1. How long, wide and thick is the chain, going by the Cα atoms along their three principal axes, in whole angstroms, largest first?
2. Along the positive direction of the dipole of the chain (beta-carbon charges: Lys, Arg +1; Asp, Glu -1; about the Cα centre), which of LEU162, GLN189, MET248 reaches farthest?
3. Work out how much length ARG217 to VAL133 would gain on full extension: take 0.36 nm times their residue separation and subtract the Cα-Cα distance, in nm to one decimal.
4. Report the charge-dipole magnitude of the chain in Debye, nearest 20, computed about the Cα centre from +1 at each Lys and Arg Cβ and -1 at each Asp and Glu Cβ.
5. If you fit an axis through the alpha-carbon atoms of helix 186-199 and take the longest principal axis of the Cα set of the chain, what angle between them do you get, 0 to 90°, nearest 10?
6. With no solvent and one point per C-alpha, what does the Debye sum give as log10 I(q)/I(0) for region 130-195 at q = 0.12, 0.14, 0.17, 0.28 Å⁻¹?
7. Which percent, nearest 5, of DSSP beta bridges in region 101-259 are antiparallel?
8. So how long is each side of region 204-251 along the principal axes, counting just the alpha-carbon atoms, biggest first, in Å?
Amino acid sequence: MQSSCAEIQAQLTDRVLEITINRPERKNALTMAMYAAMAELLNSAADSGEVRVVIITGAEGVFTSGNDLMDFLGGSASSEESPVFQFMLALYSFPKPVVAAINGPAVGIGTTMLLHCDMAFAGDDAMFKMPFVDLGLCPEYGSSFFMPRIMGHARASELLLLSKKFDAAEAVALGLCNAALPANEVLNQARMTAAELATKAPEAVRLTKRLLRAGTREAGAQVIQEEALHFQKRLGSEEFKEAGTAFMEKRPADFSRFE
């Protein structure tokens with residue numbers, strides 16, 4: 001199983017497909033081509049009898065710094081036809097276990113995609129942040145729906161409204177990750193977990209995953225779609241333009257003129 005993009009690596013070993021985000025010179029920031037490649041891999045793996053489990057990780061001590069800002073400035077990052085949304089759908093509907101291995105920054109979708117993984121292991125060097133409001137945007141990938149259900153309304157509000165950073169230990173306490181580990185043990189733990197899952201009865205595993213998510217699947221999908229519509233509109237907003245300009249000019253965004 002091969003990736004269509006050099007910055008997304010794929011390795012299939014003993015029925016475990018390991019997908020690695022590999023753009024370290026940009027802190028593994030995700031481009032449209034990278035999203036498209038991950039969507040293709042997940043869709044192929046969903047139908048492949050050779051794949052029982054997927055691992056998602058990042059190269060060189062970084063999970064992902066989120067979307068490449070130039071893709072955002074293009075204004076099409078979250079339309080339903082975009083590679084971003086296709087990746088979201090592929091992971092959200094993926095019928096087999098997905099294990100995440102997180103080191104370093106996990107920003108934006110680097111955090112929200114964990115809501116749709118089945119298990120996640122974070123290194124003590126991991127840093128999570130959802131900076132949507134700071135960018136003049138809104139929550140995405142169902143985070144406004146799933147986060148309050150996982151950690152409660154108050155904590156979800158703190159993380160989403162204040163764009164608060166949090167570490168691996170807090171990610172475990174909040175229910176986003178299974179364990180916080182020394183940085184050099186994270187990928188090995190993910191691989192051992194995936195290997196164990198790959199030995200279990202595959203139909204029973206898939207059914208259990210489906211039942212675990214059955215109660216929120218339809219509602220979650222509706223929220224993901226609604227968030228994407230709002231997100232797309234926000235990409236054309238003056239607030240986002242100010243945030244993008246401030247980022248490029250390496251200064252704090254100034255929202256004082258907005259009502």
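1. 59, 38, 36
2. Towards the positive end, the residue furthest out is GLN189.
3. Computed gain between ARG217 and VAL133 is 27.7 nm.
4. Working: 24 positive and 32 negative charges, 103 e Å.
Around 500 debye, computed over the chain.
5. Taking Cα atoms only, the helix is inclined about 50 degrees.
6. Results for region 130-195 at q = 0.12, 0.14, 0.17, 0.28 Å⁻¹ read -0.39, -0.51, -0.69, -1.17.
7. The antiparallel fraction comes to roughly 20 percent.
8. Cα extents, longest axis first: 53, 21, 10 Å.
Since every read-out is calculated from the coordinates, none of them should be taken as a lab result. Worth saying up front: this structure is predicted, and the values here are computed from it rather than measured. Cβ coordinates were reconstructed from backbone atoms using ideal geometry, including for glycine residues, and neighbour counts include every protein chain displayed.
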